[in-house]
């Protein structure tokens, strides 16, 4: 078995670093949205799981505050799951394996 030369290893490392940076850029651009309570609460989140927007229907504020809190938590958690799925899909896409996409 022939091992790669130091130059080949360096080239492979540079290629891996480039791919990693491309993935980071793609993840930063991901935007997902989730809602709960039939749209009473809507959250928009980035691929880095930063909450970008939180919309609360004014009618939801008039009711039970504990219910509103639960709706916010549910929407944020769902957004987090969607980000995880989107990041996983992006990572697989960046691998550029034939037949997957």
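List of remarks:
- Helix 65-95 and the longest principal axis of the C-alpha atoms of the chain enclose an angle of approximately 20°.
- Residues of region 39-56 with an amide N closer than 15 Å to a point placed 7 Å from the Cα of residue 74 along the Cα-to-Cβ direction: 39-43, 56.
- Taking every alpha-carbon pair under 8 Å whose residues sit at least 6 apart, the chain reaches a relative contact order of 26 percent.
- Equivalent ellipsoid dimensions for the chain as semi-axes, Å, which come from the Cα gyration tensor, largest first: 43, 12, 10
- Two-site label geometry, residue 95 and residue 2: point separation in nm, points 7 Å out along Cα→Cβ: 2.7
- Comparing 61, 87, 43 in a Gaussian network model of the chain, where Cα atoms under 10 Å apart are tied by springs, the biggest mean-square fluctuation is seen for 61.
- Once the Cβ-Cβ distance of residue 29 and residue 67 is raised to the sixth power relative to R0 = 30 Å, the FRET efficiency obtained is 0.30.
- Helix axis angle, 6-29 relative to the chain longest principal axis, alpha carbon, degrees: 20
No lab work stands behind these numbers, since they all come straight from the coordinates. These numbers were taken from a predicted model, which means no experiment stands behind them. Ideal geometry is used to build each Cβ from the backbone, glycine not excepted, and the neighbour counts take in all protein chains shown.
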